[in-house]
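The values are calculated or read from the model by the stated rules, or taken from the named source; none is laboratory data. Being a predicted model, the structure only gives us computed values, none of them experimental. Backbone-built Cβ (ideal geometry, glycine too); neighbour counts: all protein chains shown.
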Amino acid sequence: MWQSNRGNPPGVTPPSEWRVLICGVTMVVSKDAPPEAQQLLDTLGSYLPPERVESIRAALSFAIEKHQGQTRLSGDAYITHPIAVTQLVAELRLDTQTVQASLLHDVIEDCGVTHEELARRFGPDVARMVEGATKIDHLRMGTSSDGSTADAETLRKMLLAMAEDVRVVIIKLADRLHNMRTLEYLPADRQLAIARETIDIYAPLASRLGIWQFKWELEDLSFRYADPEAYRRVARMISTKRSERERFVRRVEGELRKMLDDAGIEADVTGRVKHLYSIHEKMQRYSEGGKSLDQIHDLLAVRVLVRTVGDCYNALGVVHQTWHPIPGGFDDYIGNPKESLYQSLHTSVLGPGARPFEVQIRTYEMHDVAEYGVAAHWRYKEEPHQRDKQYEERMVWLRHLIEWQQESSGAEDFLESVRTDIFQDQVFVYTPRGDVRVLPSGSTPLDFAYRIHTDLGHNCVGAKVNGRLVPLTTALKSGDRVEIMRSRTARGPSRDWLQVSRGYLGSSHARQKVRQWFRRQQRGENIERGREAIEREMSRLGLARLPDDLPRQLGYGQLEDLYAAIGSGDVSVQKLINRLAEEVPPTTPQLDHPTVPSSGTPTAPGVHVLGTSGLHVTLSRCCRPVPGDPIIGYVTRARGVSVHRRDCRNIQRTDESARLVECDWGGGAAKYSANVEVDAWDRVGLLRDISTIVAGDGVNMVGVRTDEHPDRTTTVHLTLETEGGAQFARLLSHLDGVRGVISVRRAGD
């Protein structure tokens with residue numbers, strides 16, 4: 001309990017320290033420690049000896065001292081955050097060093113404490129973990145507009161830290177979980193960005209590391225901010241029948257407990273309901289098949305914990321004798337553990353009232369691994385680097401991923417590899433010799449061939465699965481035995497393999513290998529194709545030259561390397577457009593700037609005519625310039641200055657160069673009229689799709705007409721009101737992606 005001298009006589013200084021009673025030992029803690037410190041020390045005292053808790057107390061006092069005077073956006077003292085993070089780490093029963101590092105994880109970045117000082121006070125391992133956690137935070141420089149570079153860099157930093165010491169990532173997961181719990185104090189745009197990053201990176205990492213306690217809460221909190229309407233809808237659906245479900249679970253628990261007792265199986269039986277994000281994902285998948293929420297087999301689940309593996313299978317027999325098993329609803333993760341070493345028996349059955357539910361059966365040891373994942377390696381240990389075969393097997397996937405990321409050609413490839421090959425479900429297949437290979441769900445024999453060896457994949461001409469010839473597009477299932485037939489002569493892959501719709505490849509790793517082969521074979525062609533793509537987008541944006549550092553910003557050393565990457569598809573044209581659009585001068589909204597009328601001559605109050613003042617300025621209707629276009633003014637005889645694009649044919653033909661005046665866009669952000677022509681194959685719904693894109697980009701469409709052609713194509717003429725610059729460039733790019741569109745251009749280009 002906390003002790004203080006509340007009855008200090010006048011003139012006596014109150015104590016600078018509190019005394020805490022832990023496991024019968026009185027420990028001294030700074031008086032500035034918040035009440036949450038008591039709960040943390042109680043948790044630590046429940047599994048660590050007093051001398052270890054004392055060393056953690058020193059780290060607590062140091063963190064309190066260094067964060068003195070700092071507050072969070074909520075108004076709470078900043079020290080409440082490290083303590084909350086450490087509480088999460090302590091609930092995983094981690095070792096002393098990890099607990100100390102979690103208390104100190106922000107002192108380098110926020111308090112100016114050096115690595116050397118931490119190493120001197122708390123040892124080199126703690127200092128290294130704190131520094132590793134700090135490095136992961138420094139990831140926001142050089143991010144692309146679509147966030148892929150930042151996400152990829154976050155993952156790379158995480159993986160490097162995990163390769164050195166996975167405890168660093170456990171601390172960062174706990175740090176992110178507490179930040180998600182207090183996300184309400186941030187602006188809405190930051191809430192959305194952090195929630196998306198969490199659900200894309202942090203929650204899958206927690207799942208991949210097997211830390212189920214972190215995974216489900218990270219997913220639910222992210223879901224709440226990333227899609228609040230869907231979150232509330234699922235929450236309402238769950239709450240409306242909460243009491244009915246609780247009664248059902250209690251009934252099932254009681255019946256199963258009695259049946260197990262009668263069979264002489266000692267077991268703990270508990271019920272649960274799936275968390276909200278998991279239900280949301282299941283509902284989306286089930287709705288595609290026309291199924292309802294009540295038909296989700298594992299919405300309700302009963303967990304059975306027993307002492308031995310034999311008891312697991314005996315309990316399974318009792319369950320199937322008691323309730324009718326649902327066909328296809330059984331998974332044996334004891335005989336075939338997941339790559340995270342998760343083990344359990346899962347079976348879906350029809351319970352009372354023909355209501356489906358899931359039963360999970362595992363030993364207490366398996367449950368420990370299932371709940372704490374890789375963190376179980378350090379539970380109760382003070383020598384975490386001692387050899388642990390299970391831990392080493394668990395981290396094999398990390399070594400594979402580091403190898404693949406070294407082979408990847410850019411951020412997008414790496415992100416795709418992680419999301420498809422690591423964060424998705426896996427299948428376990430066998431080589432002809434009986435060796436197990438783990439592949440992402442949806443993999444084909446071609447994926448298997450590339451996983452064995454790159455050359456085997458390049459020269460694959462056929463495959464046998466379980467002794468039978470199958471198409472190369474066959475989806476593999478766990479337990480399949482795969483044999484690859486290869487060409488006797490080098491032949492190389494087919495471009496068809498890269499078309500997702502053909503279904504040849506299901507793993508990013510294999511797709512990367514195919515792309516690399518074509519890059520090597522056709523570099524010259526790819527360079528030319530990439531150069532044409534860049535020149536086309538520069539013309540569309542009105543840019544005269546590329547930024548000098550564009551290749552470096554996109555991860556390439558030379559401009560030719562960037563051309564080749566765009567030509568081969570390693571860098572998407574959309575990513576290029578987003579980056580080039582940043583070079584277009586931005587406009588600042590001003591309320592006193594009128595919108596250009598849809599008819600008549602557009603005025604141009606945002607344009608500055610150099611060397612003159614007081615003249616009426618209008619935008620020419622022949623070329624309709626928009627902000628970001630290089631422009632020039634023409635002094636008319638009666639209508640002031642008419643502003644044209646520099647490449648306007650009328651300007652280029654004029655022989656009165658004395659009438660031309662320099663001008664620029666200035667700082668205005670009025671709406672400007674622009675004409676766009678879209679050539680497309682005529683089809684039902686074309687105009688609807690174009691209108692949806694225009695509205696989605698926040699652009700007003702004030703006019704539209706179509707010209708139909710004999711070859712079943714059509715030209716859609718759009719009159720738009722746009723702010724110009726990046727907004728206009730994005731719109732042209734998005735229109736280019738509409739199904740059936742052949743080309744998009746500004747009228748007159």
Given the condition of a type in the set (Asp, Glu), part of a helix (DSSP H, G or I) and either outside the structural domain of residue 65 (by TED's automatic domain parsing) or modelled with pLDDT of 70 or more (or both), answer yes or no: does some residue in the range 133-152 qualify? no
Qualifying residues in the range 537-546 (those that are surrounded by 13 or more Cβ atoms within 10 Å (Cβ to Cβ) and not small (Gly, Ala, Ser)) - the one modelled with the highest pLDDT: 546
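I'm trying to understand the selection: among the residues of the range 643-662, which are assigned to a helix (DSSP H, G or I) and either at positive phi or touching a Ser or Thr at 6+ places or on another chain (Cβ under 9 Å) (or both)? Can you show your working first?
Step one: filter the range 643-662 for residues assigned to a helix (DSSP H, G or I), giving 649-653, 657-659.
650, 651, 659, listed by residue number.
Select, from 639, 646, the only residue that is surrounded by fewer than 16 Cβ atoms within 10 Å (Cβ to Cβ), of a type in the set (D, E, K, R) and at pLDDT below 75.
Residue meeting the stated conditions: 639.
Here's the yes/no breakdown for (1) touching a helix residue (DSSP H, G or I) at 6+ places or on another chain (Cβ under 8 Å); (2) over 18 Å from residue 34 (Cβ atoms); (3) free of Cβ contacts under 8 Å to residues at least 24 places away in the same chain:
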position: 48; (1), (2), (3): yes, yes, no
position: 68; (1), (2), (3): no, no, no
position: 72; (1), (2), (3): yes, no, no
position: 83; (1), (2), (3): yes, no, no
position: 86; (1), (2), (3): yes, no, no
position: 90; (1), (2), (3): yes, no, no
position: 95; (1), (2), (3): yes, yes, no
Being buried (at least 16 other Cβ atoms within 10 Å of the Cβ) and at pLDDT below 90 is the filter; apply it to the range 242-272 and report the residue that is farthest from residue 354 (Cα to Cα). 271
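Of all residues in the range 256-277, which are in a loop (DSSP other than H, G, I, E, B) and either farther than 17 Å from residue 310 by Cα or in the same structural domain as residue 214 (by TED's automatic domain parsing) (or both)? Break it down into steps so the answer makes sense when it comes.
Taking the range 256-277 and keeping what is in a loop (DSSP other than H, G, I, E, B), we get 263-267, 274-275.
Residues satisfying the conditions are 274, 275.
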Which residue is surrounded by the most Cβ atoms within 10 Å (Cβ to Cβ), if the candidates are limited to the range 191-225 and must be over 15 Å from the mean Cα position of the chain (by Cα) and more than 18 Å from residue 281 (Cβ to Cβ)? 211
When you check residue 214 against the structure, is it among the hydrophobic types (A, V, I, L, M, F, W, C), at pLDDT 85 or above and within 30 Å of residue 192 (Cβ to Cβ), yes or no? yes
Answer with yes or no whether residue 479 is touching a residue at least 40 places away in the same chain (Cβ under 8 Å) and surrounded by fewer than 17 Cβ atoms within 10 Å (Cβ to Cβ). yes
Quick check on the range 309-359: of everything there that is touching a residue at least 40 places away in the same chain (Cβ under 8 Å) and among the β-branched types (Val, Ile, Thr), which residue is nearest to residue 207 (Cα to Cα)? 359
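Only one residue in 511, 520, 491, 529 is assigned to a helix (DSSP H, G or I) and surrounded by fewer than 16 Cβ atoms within 10 Å (Cβ to Cβ). Which one? Give the derivation first.
Working: 511 fails: surrounded by fewer than 16 Cβ atoms within 10 Å (Cβ to Cβ); 491 fails: assigned to a helix (DSSP H, G or I); 529 fails: surrounded by fewer than 16 Cβ atoms within 10 Å (Cβ to Cβ).
Testing whether each residue is assigned to a helix (DSSP H, G or I) and surrounded by fewer than 16 Cβ atoms within 10 Å (Cβ to Cβ) leaves just 520.
Quick test for you: out of 122, 62, pick the one residue that is buried (at least 20 other Cβ atoms within 10 Å of the Cβ), more than 27 Å from the chain's Cα centre (by Cα), in the same structural domain as residue 168 (by TED's automatic domain parsing) and over 21 Å from residue 169 (Cα atoms). Working first, answer last.
On the way: 122 fails: over 21 Å from residue 169 (Cα atoms).
Residue meeting the stated conditions: 62.
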Hits in the range 28-86 (condition: modelled with pLDDT of 90 or more and of a type in the set (Phe, Trp, Tyr)): 62, 78
I'd like the residue in the range 557-573 that is modelled with pLDDT under 80 and hydroxyl-bearing (Ser, Thr, Tyr) and, out of all such residues, is surrounded by the most Cβ atoms within 10 Å (Cβ to Cβ). 568
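Test of understanding: among 719, 692, which residue is of a type in the set (Ser, Thr, Tyr) and farther than 20 Å from residue 622 by Cα? Steps first, answer last, please.
Details: 719 fails: farther than 20 Å from residue 622 by Cα.
It is 692.
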Could you please find all residues in the range 427-452 being in a strand (DSSP E or B) and among the β-branched types (Val, Ile, Thr)? 427, 429, 436, 438
In the range 326-346, how many are in a strand (DSSP E or B) and surrounded by fewer than 20 Cβ atoms within 10 Å (Cβ to Cβ)? 8
Report yes if some residue within the range 65-82 is in a helix (DSSP H, G or I), of a type outside the set (Val, Ile, Thr) and under 26 Å from the mean Cα position of the chain (by Cα); otherwise report no. yes
Among what's in the range 290-317 and is crowded, with 20+ Cβ neighbours inside 10 Å and among the β-branched types (Val, Ile, Thr), pick the residue that is modelled with the lowest pLDDT. 296
What pairs can you find where one residue is in the range 549-563 and free of Cβ contacts under 8 Å to residues at least 40 places away in the same chain, the other is buried (at least 16 other Cβ atoms within 10 Å of the Cβ) and charged (D, E, K, R), and their Cβ atoms are less than 6 Å apart, with a gap of 6+ or different chains? 563/531
Can you say whether residue 103 is in the same structural domain as residue 182 (by TED's automatic domain parsing) and modelled with pLDDT of 90 or more, as far as the supplied structure shows? yes
